[in-house]
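A short worksheet on the structure shown next.
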Amino acid sequence: MSADGDVKALRRKGRIVVVGASLAGLRAAETLRDQGFTGSLTLVGDEPYEPYDRPPLSKQVLLGLECAEDTALPRTRDIDAEWRLGVAAAGLDRAAKDVRLVNGDTLPYDRLLITTGTKARPWFHPEEAALDGVFVLRTRDDSARLFRKLAAGPRRVLVIGAGFTGSEIASVCRERDVEVTVAERAPAPLVGALGEVVATVAARLQRDHGVDLRCGVSVTALEGDPAGRLRRAHLSDGSAIDVDVAVVCLGALRNTEWLAGSGLAAGPRGVACDAGCRVFDANGIVTDDIYAAGDVARCPHPLFGYQFLSLEHWGNAVEQARIAAHNMLCASTDRRPHLWVPMFWSVQFGVNIKSVGVPTLGDQLVVAQGALDEARFVAVYGYRGRVIAAASFDAGKWLGFYQQQIEAGAPFPPDYALVDRRTDTLQPVDPAFPDPHLPTHEPTVTVTGHSPTERRVQFVAPHA
Amino acid sequence: MRLVVDLNRCQGFAQCAFLAPDVFALHGGEALLFTSRFDEALRDQVEQAAAACPVQAILVDFSDEPTKGAEGRVG
Ligand SMILES: Cc1cc2nc3c(=O)[nH]c(=O)nc-3n(C[C@H](O)[C@H](O)[C@H](O)COP(=O)(O)OP(=O)(O)OC[C@H]3O[C@@H](n4cnc5c(N)ncnc54)[C@H](O)[C@@H]3O)c2cc1C
Ligand code: SF4
């Protein structure tokens, strides 16, 4: 059922399989039914739970304001799906058009949607990672376990990596009056996502709230006692810290292993797809029956030079899922591109941090509202003379305005001193992003397009 | 009964926290915290909050239909 003429039959009695039963998977399923799909719909998820919301896991849940088990996502409608939960997809046979599950079952499909998201990057040393007291935070179970540990009153928590998740955990620790050390390889927290100018504010927030923040160092080893409990961490500057909990927040790995051998353009950077969420095969040819959405996908965006972006944002998962579901059921002339402007939020140390656009592309920055030393401001990022992104600390109401500026390709530096009279000079500075060739922990947006100088060609035969 | 707030949309107007203080609360100046699952007894409050949100950021469902098909353990 790949030709447009089959669309009607597909809608009526097609078989759609969604692999990855979380935010993107659920919203896609709802959209499919909304658009009149009456065929069979199967959702496969390796976690034993129905789709739940992850952002609260590093915020409300760790603060004890709600239980990890209570984060199930609300439904916008009935989806009449067959749920296959607690069982992972293990492989994809594109010729036979079926998905193989780890328990040996196969699920034939007419359309497949890949929403397998990411997993937490584990601690690099497996034996140390297995010590009692070493955590990652991605799932409901991770959050419940970490909550219990924090509730038991640890002496000191070590957070490894000060991206968004790490910083949120450090914030929760201080709010719970738990001593916390944050170790970050970069010169400040959130550098990968927002650049060093803004990151300096994040660093100050941490220190003002009593976090023992150590930047420019990495954790080299975790040491356990004879009973296998974590008791000390060693840092690259030669120091050691006594800790009984370490939370590894070194970013995420895309769940694409199960697609190995499928001939799709899927790898550590994600599953490559076009702006309409159709997945590319390994030769760069677009498939017509396989789609991807959410954290696992990477796709070109016209506002950002058609660079392949992979986004680890809640809002992206929702929007991309809807576009993918719509396009799956349409004739080619009715398909829509995923033009959503990247957007995310974080809450830490009582400050609401929001961002719109792609700050990491920024080559210049101005503080257009507020002031950095008040921790209430909007930083606007420019790229080759136009507005490309904005990040706010406790000034979220401005972001809608900047979203419009980004969409309109408004000139940078912006000329709206009238908006905030305190800002009499809008002096652009370098936002100071780390060298993009150096891997960062948690940039949340990765520009994964290749530069022309990297181009090489190799033909990949199907089922090679 | 459960809910989720699209915090990209949320402007921190705190309308919801005023109408359903057991479910929504501001954290610091403008960050919103909410509890995803709420009690039948709070239904009216939450409905009002969702209706009053100026940017329609609150998504609520009132169904708790079980999801069949869990294999029980991770395969
Ligand atoms: C602690 C935490 C805090 C966050 N906070 C924010 C925030 O404040 N703001 C924001 O914008 N975003 C935040 N995010 C990001 C946001 O949660 C994600 O962008 C969103 O969950 C992506 O949804 P998804 O459906 O694409 O992927 P996921 O939610 O990762 O879901 C993928 C699902 O697929 C399953 N799966 C993987 N492989 C297989 C397989 N082979 N077979 C079957 N199933 C499989 C996974 O187990 C998982 O359940 C946060 C994330 C975390 C973890
Ligand atoms: S009423 Fe809406 S915008 Fe205001 S705080 Fe609540 S969710 Fe946010």
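Observations, loosely collected:
- The set of residues from region A:71-96 being open to solvent by 50 Å² or more (accessible area, probe 1.4 Å) and outside any strand (DSSP E or B) comprises A:THR76, A:ARG77, A:ASP78, A:ASP80, A:ARG94, A:ALA95, A:ALA96.
- Scanning region A:69-97 for residues that are away from ligand 1 (no atom under 14 Å from the Cβ) and either within 13 Å of A:ASP289 (Cα to Cα) or touching a His at 6+ places or on another chain (Cβ under 7 Å) (or both) yields a count of 5.
- Where strands (runs of 3 or more DSSP E) fall entirely within region A:281-372, those with at least 1 residues that are not assigned by the TED database to the domain that holds A:SER40 are at A:343-348, A:351-357, A:364-371.
- Verdict on B:ALA49 being within 7 Å of ligand 2 (Cβ to nearest atom) and more than 9 Å from every other protein chain (Cβ to nearest Cβ): yes
- Restricting A:GLN369, A:GLN405, A:GLN364, A:GLN427 to those that are modelled with pLDDT of 90 or more, over 22 Å from the mean Cα position of the chain (by Cα) and closer than 19 Å to A:VAL201 by Cβ reduces the list to A:GLN364.
- Taken over region B:7-29, the residue count meeting the criterion of being of a type outside the set (A, V, I, L, M) and either more than 8 Å from ligand 2 (Cβ to nearest atom) or not in a loop (DSSP other than H, G, I, E, B) (or both) is 10.
- A:GLY14, sole failed condition from (1) within 30 Å of A:VAL247 (Cβ to Cβ); (2) open to solvent by less than 20 Å² (accessible area, probe 1.4 Å); (3) not polar (S, T, N, Q): (1)
- Scanning region A:347-361 for residues that are farther than 18 Å from A:ALA203 by Cα and within 14 Å of chain B (Cβ to nearest Cβ) yields A:VAL356, A:GLY357.
- Complete set of residues in region A:318-339 that are open to solvent by 70 Å² or more (accessible area, probe 1.4 Å) and of a type outside the set (Lys, Arg): A:THR333, A:ASP334, A:LEU339
- Residue identified as away from chain B (no Cβ under 14 Å), more than 16 Å from ligand 2 (Cβ to nearest atom) and closer than 19 Å to A:GLN206 by Cβ among A:LEU137, A:LEU113: A:LEU137
- Of all residues in region B:31-44, those being within 13 Å of ligand 2 (Cβ to nearest atom) and touching a helix residue (DSSP H, G or I) at 6+ places or on another chain (Cβ under 6 Å) number 1.
- Just one of the listed residues (B:ALA20, B:ALA25) is more than 7 Å from chain A (Cβ to nearest Cβ) and at pLDDT 95 or above, namely B:ALA20.
- Test: residue in region A:36-53 that is closer than 25 Å to A:ARG145 by Cα and more than 9 Å from ligand 1 (Cβ to nearest atom): yes
- In region A:173-202, the residues that are over 28 Å from A:VAL380 (Cβ atoms) reach residues that are open to solvent by 10 Å² or more (accessible area, probe 1.4 Å) and of a type in the set (S, T, N, Q) with C-beta atoms within less than 8 angstrom, at least six apart or across chains, in these pairs: A:ALA183/A:SER218.
- The listed residue being surrounded by fewer than 23 Cβ atoms within 10 Å (Cβ to Cβ) and touching a strand residue (DSSP E or B) at 6+ places or on another chain (Cβ under 7 Å), out of B:LEU42, B:LEU7, B:LEU26, B:LEU19: B:LEU26
- Restricting region A:212-254 to residues that are among the β-branched types (Val, Ile, Thr) and buried (at least 16 other Cβ atoms within 10 Å of the Cβ) leaves a set whose member that is farthest from the chain's Cα centre (by Cα) is A:ILE241.
- Just one of the numbered conditions (1) within 25 Å of A:VAL198 (Cβ to Cβ); (2) touching a residue at least 60 places away in the same chain (Cβ under 8 Å) is not true of A:LEU329: (1).
- Matching residues in region A:318-336 - criterion: being of a type outside the set (S, T, N, Q) and in contact with a Gly (Cβ under 6 Å, 6 or more places away or on another chain): A:ARG335
The values are calculated or read from the model by the stated rules, or taken from the named source; none is laboratory data. Please read these numbers as outputs of a predicted model, since none were measured by experiment. Neighbour counts run over all protein chains shown; Cβ positions are idealised from the backbone, glycine included. When the accessible area is computed, the model is the full protein with side chains, heavy atoms only, and any ligands, DNA or RNA have been set aside. Shrake-Rupley method; radii C 1.70, N 1.55, O 1.52, S 1.80 Å.
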